[in-house]
4 protein chains.
Amino acid sequence: MIEKYIIRTDLALEQKERFESDHVEVQGVILEEEYDEEREIKITTVKIETENGAKVMGKPVGTYITMEAPNMAVPDEDYHREIADELKKYLEKFMKENVKEKKEDYSVLVVGLGNRKVTPDALGPYVVDHLNITRHIVREYGKYAMGEEKVHLVSAIVPGVMAQTGMETVEIVKGIVEETKPDVIFAIDALAARSSRRLNCTIQIADTGIHPGSGVGNHRNAITRETVGVPVIAIGVPTVVDAATIVNDTMENLIAALESSETLRGVGVVLQGYNAAEKYELVKELISPHLNGLFVTPKDIDETVKRISFTISEALNAFLCPQGHAHN
Amino acid sequence: MIEKYIIRTDLALEQKERFESDHVEVQGVILEEEYDEEREIKITTVKIETENGAKVMGKPVGTYITMEAPNMAVPDEDYHREIADELKKYLEKFMKENVKEKKEDYSVLVVGLGNRKVTPDALGPYVVDHLNITRHIVREYGKYAMGEEKVHLVSAIVPGVMAQTGMETVEIVKGIVEETKPDVIFAIDALAARSSRRLNCTIQIADTGIHPGSGVGNHRNAITRETVGVPVIAIGVPTVVDAATIVNDTMENLIAALESSETLRGVGVVLQGYNAAEKYELVKELISPHLNGLFVTPKDIDETVKRISFTISEALNAFLCPQGHAHN
Amino acid sequence: MIEKYIIRTDLALEQKERFESDHVEVQGVILEEEYDEEREIKITTVKIETENGAKVMGKPVGTYITMEAPNMAVPDEDYHREIADELKKYLEKFMKENVKEKKEDYSVLVVGLGNRKVTPDALGPYVVDHLNITRHIVREYGKYAMGEEKVHLVSAIVPGVMAQTGMETVEIVKGIVEETKPDVIFAIDALAARSSRRLNCTIQIADTGIHPGSGVGNHRNAITRETVGVPVIAIGVPTVVDAATIVNDTMENLIAALESSETLRGVGVVLQGYNAAEKYELVKELISPHLNGLFVTPKDIDETVKRISFTISEALNAFLCPQGHAHN
Amino acid sequence: MIEKYIIRTDLALEQKERFESDHVEVQGVILEEEYDEEREIKITTVKIETENGAKVMGKPVGTYITMEAPNMAVPDEDYHREIADELKKYLEKFMKENVKEKKEDYSVLVVGLGNRKVTPDALGPYVVDHLNITRHIVREYGKYAMGEEKVHLVSAIVPGVMAQTGMETVEIVKGIVEETKPDVIFAIDALAARSSRRLNCTIQIADTGIHPGSGVGNHRNAITRETVGVPVIAIGVPTVVDAATIVNDTMENLIAALESSETLRGVGVVLQGYNAAEKYELVKELISPHLNGLFVTPKDIDETVKRISFTISEALNAFLCPQGHAHN
């Protein structure tokens, strides 16, 4: 059965959905949904509570909140302000739950992951571009220099990707954490989704940190409380779908159509003789090897990534430094 | 039968291949192939000679030369110089065949089509970035100011896309042609391919100008000798595949596998009862509507488009202004 | 006397000031000032009414309005909205006075002059980046597609500079005007000021079009009603000071100090024997030839140009297409 | 006397020149010059050998080599290759002298200092863009994966400036050094010169690391062997002159002219009564406070910085990874 779930998604919500669609109950995983009708925002919480749940889901134990708002792709400033307000609430909630020590002002390091030069991967760098950076000002002049009662110390880094730096991102982040001792990290990253309709209108916040590649295993390169020593809250937006995923989905539709078809009842009979693993093999064989390294992304990706990254930076700014101004 | 050929490709070569694969002879279309073994460059010439050929092919009458070199995606400077040399030969050939009046020095307008801010669409603007622009210098100081015996007057424009300008590109180009009277236009554009293995390693040169969208019909917005008054030589590189194309291809593979399968002989029997149009309908129904507006492109597209656009500008520079230097 | 006034400024206001400071009355030039105390915006209107006035001022006959607001350089969104509101009023006024034919909806071409790749020269391209482009939508679907009672047809072009295109900008603009027949052009350009304190906090609107270089004379390359056939309203912001200007100013201060100095009375005696032209020659000799081609600009120019270009595009959007949305 | 030397220059060569021009012998500082006539490259070596020399020069003890080549600003590829070859020699020399432990393959961290978004400050980031990054490949596949006998482990970081990160650059670099243990750092930075004729045609290599601001004192923020634990070789190119410097220089010329003038002998008499400090005060008073934060840079700075950063990255690539290819 597992083979079917290998297809990559970075959204815990989508992983859970796959099991739901097969009426498979996953032990140790809880799902809650709520819908804000007025603002048309759907909030889904996936809690992976046990190691068994983590293994089945292919994602580490933790809480994953997903905000879905189809209009997020629309350039409506007022609506984006509402999304930023909502996102701010969840950032506060995650901060409160994950940073144990209670302080008036926290030191927060924002990490903008990804490659600034590849548009769908530029979400993290773009968010950092619009942040209010305060740490150096507060350290030099005190927090009242910001004209605020409450100002967190905000620092930020855009580490680049391994092909640009020759280093694992965790090496860079760990080094910076050791020097600057932040209380918490917010790590922003572009994600891959299964479903193209979630592209650029979904935000996932998770308290599990960043797990490059497969999710579980491969701990060495993860950016997590375990590897860097402070809580890591991940904020992600799906901007691409793997090309193989889209093909695979359509093939599954075709096989399902064949299985249920009135006119194709004969085929159905034969295909029902295949088990899931055999069908997966059949599909894999037919998917062109040229699809490796290809991704699917919308034509207006440049505009959409800019808009959503601005919304995320507004939420972070409202939360961390209410009246400050971005450095550009 | 025609339905099958609706799937979009901007490469005449790929359109022809589809008919070949069905052993369909298209009247009025000639195909020639040669292979430069040493340099591993395959040259294919498709000549559409009649209006009937144009109608079947969905592309206007004219000559289309395709250079395929799998290593074009590899960052090998020497190899790129060889490709630029080869490309230069075809640019000269097209120029000689299409510009009737014989002069010592021609006035050439290079048009960099596409959207600079969307990487796979930025080929045209990037090529213009690296051109040696000479028209203003030659007009001011004479051609000997360039230190050359032979210097064409090179001008260039990056008109932007309609969402940025509110104008059809042909309106902009036509206006500039009327004011500056070039002898010929070279128009550079990113293309869509059918096959992902052709992405970023194929260059098509055609004497048919630029036909946005479907190719035939829709003459109003085309950039051709008819609409702008001077010959338009198009240089294109496929940088994306429509998401629907990739899905469609794999589905065809699946159907073919089902039809020929030993174990699935029963399905084959049923599907053979479907004609091509019915199969196309079945596939179309199963392709998600969310694929509209999505394209497939490689992860390293930024780097690849930069490299190949540099190769094209080197070929243009070598041809038009041998010893000059790019403005940046 | 005239030599002194050769030092370059693109602001009519600054040219007028030089004469004022010498108590020279210029015939045919009127100056009016008003000050909006609440919003701290100073509005100066310079009207050059006669050819003689134009000759003395080194600027063509027409109306020049300058908005000065020292806080324009400060990143205060509310304040920038107020500036955009004020600017909108003057755009409406100039449009009404310069476009004779009365229509409900005008066709407006915005030209973003300058070089996108050189920050202080990128004002025009940046303004165009944030415009609501409507012409193609209104032409395709009618103006109600914009959800507005009143929508002007907005088109825009970023022509590039001559080193990039090989063409005079007026050739490009004239060609586009002939093809698309706008009622009026708004041309946005970065300017050079005399005084560094006006950098990035001053907007000049003029109904005289664009005069590259010296201002009067050199009509061939100007973008004006005479050369392109429709009224051209110029919007400019000073972003640089010529290096030679800054040096010259300080030298004049030094000479003035020497002339008036108690302790240096002896020097005064000698320098008073010099006339203005001789002093100018002395200064010119001492200014390093290495200053040619150098300009002076603030360290935060990138941020400042982005902010003020956004303010200008907001004013244009509010005026031309009240509820639309920018393409990016 | 010292006041005169406060005017900022990052070039040890220029600091030394000021003393030379006053026939002042600085103890503990040695200057050597050689001129490569064929290639028109002037090489100057300044060695600051004692703490006293460092105090007078306002720069730390160490070796500073300056390559001056007026044609560096010209876009001649062959000539840039020669400069890269020459630069490579000095990089090898500094590496050999500063890294004590002898290995076959060194681990080298390249730090691209400065702000990518402000052209004259983007030298460091641009150099990193064109580097062959090898560390991750060698660590994963061994050095033979690079097809080379000798491959250093090259990693790189573009840390950003404090306004973007909220952190001192040394905090970021120190953290990364502790995690990744390089043998040596090459730090690339844009510099300020005194003389505009040195802009963009001068490269300084120094074994003293990076000293933000004044040079001596302020050790806390320096990036040196003392602060980060490994040798730091600095490579810099002057891209700006402080506006105040240019004004000051011209004023000194004026005063000198007045002092020596035949016709102004009377002035000379008075000014000779001023000592250096008094003259400096006079000049300072006359320089506009609006010059603070302004810099002088050439109109073609974008193009020039790109070209020279490419030359530096070619020298680093030739030295560190002879046959590799840049990641973009």
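The values are calculated or read from the model by the stated rules, or taken from the named source; none is laboratory data. Just so we're clear, the structure is a prediction, and the values are computed from it rather than from any experiment. Counting neighbours? That spans all protein chains shown, and the Cβs are built from the backbone with ideal geometry, glycine included. Accessible surface areas use protein heavy atoms only, side chains included; no ligands, DNA or RNA. Shrake-Rupley method; radii C 1.70, N 1.55, O 1.52, S 1.80 Å.
How large is the convex hull of the C-alpha atoms of the stretch B:1-157 per residue, in Å³?
Spread over its residues, the Cα hull of the stretch B:1-157 gives 165 Å³ apiece.
Quick one: Cα convex hull volume of the stretch A:79-120, Å³ per residue?
That works out to 120 Å³ per residue.
Note down the net charge around B:Leu294, summing +1 for each Lys or Arg and -1 for each Asp or Glu among other residues with Cβ under 11 Å from its Cβ.
0
Residues of the stretch C:167-181 with accessible area at least 10 Å² lower in the all-protein-chain context than alone (1.4 Å probe)?
C:Met167, C:Glu171, C:Ile172, C:Lys174, C:Gly175, C:Ile176, C:Glu178, C:Glu179, C:Thr180
Given Cβ point charges of +1 (Lys, Arg) and -1 (Asp, Glu) and nothing else, what value in debye, to the nearest 20, does the dipole of the stretch A:39-78 about its Cα centre take?
340
For the stretch C:133-246, what's the radius of gyration and Dmax over Cα atoms, in angstrom?
Cα only, the stretch C:133-246: 16.7, 53 Å (Rg, Dmax).
How many partner chain Cβ atoms sit within 10 Å of a residue's Cβ in peptide C:109-121, on average, as a whole number?
That works out to 3 on average.
For the full complex of protein chains and a 1.4 angstrom probe, list C:Arg81, D:Arg307, C:Arg194 by accessible area with the highest value first.
Listed by decreasing accessible area, they come as C:Arg81, D:Arg307, C:Arg194.
If you take every residue apart from D:Glu101 with its C-beta less than 14 Å away from the C-beta of D:Glu101, what net charge results, scoring Lys and Arg +1 and Asp and Glu -1?
Within the 14 Å Cβ shell, the charges total +2.
Taking 20 °C and 1.002 mPa s as the conditions, I'd like the Stokes-Einstein D for the stretch C:34-127 in µm²/s, using the Kirkwood hydrodynamic radius from alpha carbon pairs.
For these conditions, the coefficient is 133 µm²/s.
Over the alpha-carbon set of the stretch A:124-166, work out the extent along each principal axis and list the three values in angstrom, largest first.
Each principal axis gives a Cα extent; for the stretch A:124-166 these are 42, 18, 11 Å.
If you filter the stretch D:102-211 for chymotrypsin sites (Phe, Trp or Tyr not before Pro), then keep DSSP loop positions with at most 14 other Cβ within 10 Å, what is left?
Answer by residue number: there is no such site.
For a quick size check, give me the Cα extents of the stretch A:31-70 along its three principal axes, largest first, whole Å.
Taking the Cα atoms of the stretch A:31-70, the three principal extents are 37, 15, 12 Å.
Can you give the Kirkwood hydrodynamic radius for the stretch B:67-170, in Å, rounded to one decimal and based on Cα pairs?
About 16.2 Å, per the Kirkwood formula over Cα pairs.
Mind checking the dipole of the stretch A:74-141: about its Cα centre, +1 per Lys or Arg Cβ, -1 per Asp or Glu Cβ, Debye to the nearest 20?
440
Any idea of the total accessible area buried by the D-C contact, 1.4 Å probe, rounded to 100 Å²?
For chain D against chain C, roughly 3300 Å² becomes buried.
For the stretch B:119-194, state the semi-axes of the equivalent ellipsoid (square roots of 5 times the eigenvalues of the alpha-carbon gyration tensor), sorted largest first and rounded to whole angstrom.
27, 16, 10
Can you tell me what share of the DSSP beta bridges in the stretch D:158-237 is antiparallel? A percent to the nearest 5 is fine.
So the antiparallel bridges amount to about 40 percent of the total.
If you roll a 1.4 Å probe over the heavy atoms of the protein chains, what accessible area per residue do you get for the stretch C:1-107, in Å²?
Per-residue accessible area for the stretch C:1-107 comes out at 54 Å².
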